[in-house]
Structures are given as C-alpha cells and as structure tokens.
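As structure tokens, the structure follows; a few thoughts come after it.
The values are calculated or read from the model by the stated rules, or taken from the named source; none is laboratory data. It should be emphasised that the depicted structure is a prediction, and the values quoted were computed from it without experimental measurement. We place every Cβ from the backbone using ideal geometry, glycine too, and count neighbours over all the protein chains shown.
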Amino acid sequence: MVRRPLRTAVIGVGYLGRFHAQKYSLLKDCELVAVVDQNLQKARAVGEELSVPFYTESEDVFEKVDAVSVVVPTVDHFRIAKSFIEKGIHVLVEKPFTATLEEAESLIEISKRLQVCLQVGHLERFNSVFKNFQDLIGQPQYIESTRISKFPERGTDVDVILDLMIHDIDLVLTILGEIPSEIEGVGTSILTDKVDLANARLRFSGGCVANLTASRVSDKAERKMRIFQPGLYLSLDYGTGQVRKLQIDPSESLDRNDLNPIQYQLEKNDALLEEIQSFLNSIFQKSLPLVSAEAGLHAMKVAWQIKEQF
C-alpha cells in the first residue's frame, strides 16, 4: 500500500529552522506545506526560497499539517510544542528539550496520552562518526569530551550547558545506558550573564567516569570525544569525521609497536536530514523515536544537576 506523504511545517525559521525547512523539502515521505515565524521578514524569505506558504502564527497551520519541527527559542518550546501535540500533531523539538524539567515531563505525559510522536533534536546521534563506532563501545571506563566554539550569534538564551554540553551528556547517557550516580560541575560567565564555560565530571555506578568540557568563548570550534575501555581506545572527532582506533587483546603480551592507532576519515553525512527522516519513519511505523522524549528528559535532568553545582 502506498503511504500518503506527511504534511509538514517548520515553526521558527531562523538560522537552524531554515535548514529544517530545506531538509523537509527534499524528502519524499513528506510535503513541506508551510513555514512559520513571528518575524514576517524571516517567514517570507524562507517561504519564498522554498516556494511554500508562510505565516507568522503557529495556529495558522494547525489544520494543514501532520508533523512539525519546533525550532523557536527554548523558552517557547513548551508552549509551541504543547499546542501542536494537543491537536494530535507529531513534533520534533530542537534541543534543549524545554526550559524546565516540569515542562519536559508535561509534554511527555500529553504525548503519551494522545499517542503523538515526540522526538528531541539531539543531532549528534545521527553523526556518521557516532553511528559507525557506537557498537564497539561496551564497557567504557573513562570518557572525555571537549565541545568548544567561537562566541555564537544565536543560542545565548540558555547557558553553555544547555546550549553545547547537553549534546555530550546525551551521547554519554546513550553509551552507558544509565544515569550518573555522582555529578560535579564548575562554570563561569565570560561574555554573558549566563555560564559560558563549564566542566562536569559524571561518575556512574558501573565504574565509568565522564569528564565533559564545553565553552562558547573559544577561538576555534572543536567537537571531540575520547573513550577508554579494556582493549579499546577511540578518539572521535564529530566535526571533521576523523577517528583513531586502537584495539588490542589485553591478555596478550604487548610491545610499543602494538600501540599504533588505526586512523579513519569518514565522509560527513547529512545528520539533520537523517534526523528528520528518522522522525518521519517513527511516525509511519508508530515506533519510539531514536531520540525519545524520555532521552531528552534524562539529558535535561543531568544538565540541571550540573547547573545546580554552581
């Protein structure tokens, strides 16, 4: 049976929302029927670029869509996502999930009750580097991540933990499949009234320690993670696609020549396109999204525990 393409729209077409709209317009499983932004100039620009109607109020598309991406400032995530979920419309909401834990829990409850697909936009899950090497990671003992960037022109409505570090929180929780038993954190404000530079140490009951650093006041951009477990070392560069892997048998005698990592250069995939396709597939299959609302909530809970250390 041929399935009908889903009618989709993007709510908020600033820097990132415009990319969401472009991806929807490329996919065969859906039809981009509208874009929405309170800024009429932005709405018109993206609408005309993609030859779709544009609106300034989200309620204008309630009767026109089956699924939407919500790419508005974090403080508005709950209000906008809730309005669509209550209409039975499936929602992909950008990270961070919501501004508060209570809002996230409320959206989960409503989406479950109404059987609406709710996915959180943790994009790095779809990065080819993580996808290709995730299955090698079994019993990590130490994880170190560094996520730094130049000062952004957007995203400063939240601190660096919710802006950048939350990516690595989500990846670490995905790798380990558990919530940390102990959390330590330090952070400081540099250029805004919020934390711009932070470090967190997460300890897990299985013995793993994860050390996470995030900064948005660097002179360069870097998204790297190093993973150590018995017999395996991985260095993953999510930005460049470069991977270094050292895999040995700890039971065998070793010499220095055995400790030369193999280097890989992965082709950069279109992670956002794959994220949106995964969202659409979950709707069609009536299955749990790869990045579920519960996963988004778990990352939020850890982020807030880090923030409470300051």
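Okay, here's what the table says:
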{"quantity": "Candidate set: segment 225-236, residues that are without any contact (Cβ under 8 Å) to a residue 40 or more places away in the chain and outside any loop (DSSP other than H, G, I, E, B); chosen: the one nearest to the chain's Cα centre (by Cα)", "calculated": "Ser235"}
{"quantity": "Complete set of residues in segment 133-178 that are surrounded by 16 or more Cβ atoms within 10 Å (Cβ to Cβ) and at positive phi", "calculated": "Gly155"}
{"quantity": "Yes/no for Asn269 being modelled with pLDDT of 95 or more and assigned to a helix (DSSP H, G or I)", "calculated": "no"}
{"quantity": "Only one of Ser111, Ser83, Ser128 that is in contact with a Lys or Arg (Cβ under 9 Å, 6 or more places away or on another chain) and either at pLDDT 95 or above or closer than 21 Å to Cys30 by Cα (or both)", "calculated": "Ser128"}
{"quantity": "When residues of segment 172-186 are limited to those that are in a strand (DSSP E or B) and either acidic (Asp, Glu) or touching a helix residue (DSSP H, G or I) at 6+ places or on another chain (Cβ under 7 Å) (or both), the one farthest from Phe151 (Cα to Cα)", "calculated": "Glu182"}
{"quantity": "Filter result (in a loop (DSSP other than H, G, I, E, B) and either touching a helix residue (DSSP H, G or I) at 6+ places or on another chain (Cβ under 9 Å) or outside the structural domain of Glu144 (by TED's automatic domain parsing) (or both)) within segment 195-224", "calculated": "Val195, Asp196, Phe204, Gly206, Cys208, Arg216, Val217"}
{"quantity": "For Asp163: the one exception among (1) part of a helix (DSSP H, G or I); (2) touching a helix residue (DSSP H, G or I) at 6+ places or on another chain (Cβ under 8 Å)", "calculated": "(2)"}
{"quantity": "Spans of helices (runs of 4 or more DSSP H) in segment 1-102 with at least 2 residues touching a residue at least 60 places away in the same chain (Cβ under 8 Å) and within 23 Å of His167 (Cα to Cα)", "calculated": "15-26"}
{"quantity": "Which listed residue is surrounded by fewer than 20 Cβ atoms within 10 Å (Cβ to Cβ), within 20 Å of the chain's Cα centre (by Cα) and without any contact (Cβ under 8 Å) to a residue 40 or more places away in the chain, from Leu197, Leu123", "calculated": "Leu197"}
{"quantity": "Residue match in segment 75-87 (condition: touching a strand residue (DSSP E or B) at 6+ places or on another chain (Cβ under 7 Å) and more than 17 Å from Gly121 (Cα to Cα))", "calculated": "no"}
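This table checks each residue for (1) among the acidic types (Asp, Glu); (2) out of contact with any helix residue (DSSP H, G or I) (no Cβ under 7 Å at 6 or more places or on another chain).
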position	(1), (2)
Ser25	no, no
Asp29	yes, no
Thr56	no, no
Val61	no, yes
Gly88	no, no
Val116	no, no
Lys131	no, yes
